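Participant: Okay, here's the structure, questions in a sec.
Throughout, read-outs are computed from the coordinates displayed, never taken from laboratory work. For clarity, every value in this text was computed on a predicted model and none was experimentally measured. Methodologically, a virtual Cβ is constructed for each residue, glycine included, from the backbone with ideal geometry; neighbour enumeration extends over all protein chains shown.
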Amino acid sequence: MTTLSRRSLLRGGALGAAGLAGLAGCGTVGAAPTTTGTIPPAASGEVVRLQYWAWLKDLQQVCDVWNAQRPDIQVEAVWIPGGNAGGYQKLFAAIAAGSGPDLAQVEMRNVPSFLLQSGLVDVSRYGFDQVAGQYDRALVEQVSFLDAAWAVPQDSGPMATFYRPDLLEEVGAGPPATWAEWLETARAVHAADPNRWLESFPVGDTSVFLAYASQAGAVWFTPEDDRWLVNMTDDATMAVARHFDTAVSEGVVNTSLAPYSPGWFAAVGDGRIAALTSGSWGDALLEGATGAEGLFRVAPMPVWSDLPGSYGSSYLGGSTAALMAGSEHPYEALEFATWMTTSPEGIDAMIRYSGIGWSPATDYIGAARQEGSEFFGGQAYGTEVFAPAAQEQNLDWTWPPIAQQVMDGLGDRFRTVVTGGTTMVDAVAAMEGDVVEIFREKGLSAEVVS
Amino acid sequence: MSAPTAARSAARGPDGRGPGGVGATTPARGRGRSSAVRRAPWMLMAPFLVIFTLSFLLPIVYAVGQSFTRVERSGLFGEDGTTSGFGGLANYRQALEGTAFVESVGRVLLFGVVQVTVMIVLATVLALLLESASARWPGAFRTIYFLPYGIPGVIATILWSFLYVPGLSPVVDVAGLLGIDVDFLGPSTVLWSIANIVTWAYAGYNMLIIVAQLKSIPGDLYEAARVDGAGPLRIAWSLQLPLIRPALLLAIVFSIIGTLQLFAEPQVLQSVSTAISNEYTPNLAAYNSAFNNNDYGVAAAQSVLIALAAFVLSGLFLALTNRKDRS
């Protein structure tokens, strides 16, 4: 250790400090979102090559349908891990480096956080407003900020209840029409068999709780001028929180098996879970539960009958094809994205090859979804349940640029609800107190208005 | 031996200095050679130094720089201007103010005290048994004990998760048949389920470090001990244990650092256990800050804090054990 003299330490320190000063200037963010200027379409005769980064399976097959018709615009699909599992990290790194694809799959709730990283192109400037009427209105609302649209809705997840009529009949119940009935049914199911639950309530994945709050009529975040107004403790949210506090404290919902986890699938196969309220895309996943073939049916989700401002359904999940800021061909990229999400050909290909969620187009749900499915006993639940559900949505719900942090923070608090440490009512209130600080840490301004 | 040597010196020909080069440059020889001698180690080290600087030193400097960087925005999304600049200790304050991060440090410390102790004792006992005179097939058992270390942590955790998840796990099923209700993934148990995986994976590795040290004990020491009438237990206690002390210290320091960096196991188990939060361990918290919250400054601050903690804890441990040595 004697070789490390005081002088060499000082020199090291000086070098380090110089390095710090140099590096402190390198930020992780690019410029502010571009709101002016457009890139003109490519000249005729030029072949435009686009890249679409997404985690949809077999997306290239969908692109090939398009590529065969449009030799002038060739789209290549590049697979990335789903959302926060790695895909967003790749995209954010590409944005920071000023490169990346023309189009990227971004979940509806993450569009604002991409906006915060200056990663998106304002699609209104390239003609999205002319086709916006072809999409479900609630979806267009969710991608609209600052008087412009920032992504093309690609799929959504209107919610409904998948249930086992045989298990519910055992306690003399049908699919619950209201949340009050749901609670009664949950009590009856669990009382009849302590190893069976009506549903699992995911404490870790709070997107479900947010969807319920949105159904109840809550609007947690509202942009106003240049700041965010926060209201997470309105009557609707508190009613939802109280409702699930009751269910959790009585033990009539399962909180240890999160929906779609391996243990949950095993429980569904054994008949220990009688129902699942989830997005429309849950059907394909549910079909993976061995031993449940033909046993499930689909019904509209329960409603909050005592909340006047509530809605018939809610959205859980859903994603967009977002135009990335680095794209050199936004016109062509938007043209492809519009074809993919509104033309019957594009929608059918997306359903057939990529198994997308609910089609965002108002007029066409997809050929395959007009028929019954064997797994669900031939019930034509697409037209019967989900198509109406897609129209019964809370149009005012807005995702903030800190959606992930709000959901994660709430999830960390909800986990202690299970151990009896707190209640969801208190957890939501505590989270509301933290939200302004989270906004501030992002360099944004916000205010609680509840 | 001489043929390859000759071939090698002949091969030096084309590089310009040639076999006769040394003789030809006699006048300048003294100075030229000494500067070449001075340069040689640097040239030989250059490949290492370049990679070391690019992949190790610069990222550290960059991370430390990031930890002092804050972003300011105006407008709803920063559309009216975004700047990033020096933020002082704001990121560190934010990291330490969040109770979850501090709790996660406490959690891994508790984990370390219990798990490292259990694992090192287990590894020592296994090593002593394998190196004892009465051991059968020590080579085969050494391989078997070491085998889990060859399985990547993520795969190991997925494998173990199938033994933990109720409905899939035969262990839970059998316990249920016996009337015991076990929950490996609950809020109070999941930390020890992780400890079990880590112990399973690394006990064999630490055992190997200790075995290597045991093998270096000269045979005559054993002989002398036996002549003095020491039995196997006495040999283990008074001869082997004191002599494997350096290996034990090494294993413990590695384990302390490894414990602070606990990441893969809780991250994978998160998908089956609702009890694991996004900030369950310090590394998970840093990952969450960077990749879920896009807050690289705070993530960098958290990483620097983790590195400092590992540094301080390892240093403290070594200082304590060294002082004991001297006394």
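Participant: Using every alpha carbon pair in chain A, what percent of pairs falls into each 20 Å bin from 0 up to the bin containing the largest distance?
Facilitator: Calculated over all Cα pairs of chain A, the distribution is 24, 52, 20, 4, 0 percent.
Participant: Based on DSSP, what percent of beta bridges with both residues in the protein assembly as shown are antiparallel, to the nearest 5?
Facilitator: 70
Participant: Give me Rg over Rh for region B:214-274, both radii from the alpha carbons and Rh done the Kirkwood way, two decimal places.
Facilitator: 1.33
Participant: For chain A, what is the percent of antiparallel DSSP beta bridges, rounded to the nearest 5? Write down the numbers at each step before the final one.
Facilitator: Values: 28 of 43 bridges.
Looking only at bridges with both residues in chain A, the antiparallel portion is about 65 percent.
Participant: Using 5 Å bins from zero, what percent of all Cα-Cα pairs in region A:236-372 falls into each bin?
Facilitator: 2, 8, 13, 15, 16, 15, 12, 10, 6, 3, 1, 0
Participant: Across region A:281-289, in residue order, what do the Karplus-derived ³J(HN,Hα) couplings come to in whole Hz, using 6.51 cos²θ - 1.76 cosθ + 1.60 with θ = phi - 60° and x for Gly and Pro?
Facilitator: Per residue, the Karplus-derived 3J(HN,Hα) values read 5, x, 4, 5, 6, 4, 5, x, 7 Hz.
Participant: Still on this model: Roughly how many whole Å is it from the C-alpha centroid of region A:161-240 to that of region B:136-199?
Facilitator: If we compute the Cα centre of each part, the gap is 35 Å.
Participant: Still on this model: Could you give the length gained by full extension between B:PHE141 and B:THR53, i.e. 0.36 nm per residue of separation minus their alpha carbon distance, to one decimal place?
Facilitator: 27.6 nm is the gain from fully extending B:PHE141 to B:THR53.
Participant: Further, regarding this structure: Assuming a ≥ b ≥ c are the square roots of the Cα gyration tensor eigenvalues, decide whether region A:166-247 counts as rounded (a/c under 1.5), prolate (otherwise, with a/b larger than b/c) or oblate.
Facilitator: Details: a/c = 3.38, a/b = 2.78, b/c = 1.22.
Judged from the Cα gyration tensor, region A:166-247 comes out prolate (a/c at least 1.5, a/b above b/c).
Participant: Okay, next question. Which of A:PRO81, A:GLY127, A:TRP197 sits farthest toward the positive end of the charge dipole of region A:74-227, with +1 on the Cβ of Lys and Arg and -1 on the Cβ of Asp and Glu?
Facilitator: About the Cα centre, the residue reaching furthest to the positive side is A:PRO81.
Participant: What aspartates and glutamates does A:LYS90 reach when the alpha-carbon gap must be under 20 Å and sequence neighbours fewer than 8 apart in one chain are set aside?
Facilitator: Partners found: A:ASP58, A:GLU76, A:ASP102, A:GLU107, A:GLU328, B:ASP295.
Participant: Can you tell me what the convex hull of the Cα atoms of region B:99-326 projects to on average, as an area in nm²?
Facilitator: Averaged projected hull area, Cα only: 15.6 nm².
Participant: For the protein assembly as shown, would you read off the P(r) tail past 34 Å as a percentage of all alpha carbon pairs?
Facilitator: Roughly 60 percent, rounded to a whole number.
Participant: Ignoring the sites themselves, what is the longest stretch of chain B with no trypsin sites (Lys or Arg not before Pro) in a DSSP loop and at most 16 other beta-carbon atoms within 10 Å?
Facilitator: The answer is B:137-327.
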